[in-house]
């Protein structure tokens, strides 16, 4: 059995590795024909014991998460040193999920709830938006809020639109519930 093989296309790898699944597959995303992500998605179906390490220049959220969802167990960048690549292969073979530090930070950031989801979201609002939301929570109509604050109904609607965007809510009830931490 060969220590390693190199395949220039996803189609070639899929054809030749179907019968003899390797322990570790190092996969680039940019391949002629099918992408490395598609290749991992397909190979992981029949090479269930293989460990897949993405080795690529791409570190954007979309590709990182698509690769991980497709079955990649690790994700390192081509800017990695030879020692880092070897350490990643060893870690992968030992059951770990190696990632370049920059990629790992992006994954952690994406998995953490946004600050407004951890809190009620009020800290994201301007002073005026907090005033509008407090009056909205009292049950006042837009016109009544405008009269209290000395601003037009149109301006109130603009504030409420921004409040909904910042708090990631769709309506008054959701905004008020988030305001009260429910």
Report summary line: Going through region 143-182 in order, the residues found to be buried (at least 17 other Cβ atoms within 10 Å of the Cβ) and within 14 Å of residue 128 (Cβ to Cβ) are 145, 146, 156, 159, 160, 163, 166
Report task. Pick out the one residue from 96, 74 that is crowded, with 21+ Cβ neighbours inside 10 Å and either touching a residue at least 24 places away in the same chain (Cβ under 8 Å) or out of contact with any helix residue (DSSP H, G or I) (no Cβ under 6 Å at 6 or more places or on another chain) (or both). Result -> 74
Query raised in the report: Given the conditions (1) assigned to a helix (DSSP H, G or I); (2) within 17 Å of the chain's Cα centre (by Cα), which single one is not true for residue 85?
Result: (2)
Query raised in the report: From the list 107, 132, 103, which one is within 30 Å of residue 75 (Cβ to Cβ), crowded, with 18+ Cβ neighbours inside 10 Å and either modelled with pLDDT of 85 or more or in the same structural domain as residue 75 (by TED's automatic domain parsing) (or both)?
Result: 103
Query raised in the report: Which one is nearest to residue 90 (Cα to Cα), of the residues in region 1-24 that are surrounded by 19 or more Cβ atoms within 10 Å (Cβ to Cβ) and touching a helix residue (DSSP H, G or I) at 6+ places or on another chain (Cβ under 7 Å)?
Result: 13
Report task. Go through (1) in contact with a helix residue (DSSP H, G or I) (Cβ under 9 Å, 6 or more places away or on another chain); (2) surrounded by fewer than 16 Cβ atoms within 10 Å (Cβ to Cβ) one by one and return the number of the condition residue 41 breaks. Result -> (2)
Requested in this report: Among the helices (runs of 4 or more DSSP H) lying completely within region 2-80, list those that include at least 1 residues that are in contact with a strand residue (DSSP E or B) (Cβ under 7 Å, 6 or more places away or on another chain) and under 20 Å from residue 111 (Cβ atoms).
Outcome: 61-70
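The values are calculated or read from the model by the stated rules, or taken from the named source; none is laboratory data. What you see is a predicted model; the values in this text were computed from it and never measured. All Cβ positions, glycine included, derive from the backbone under ideal geometry; neighbour counts span all protein chains shown.
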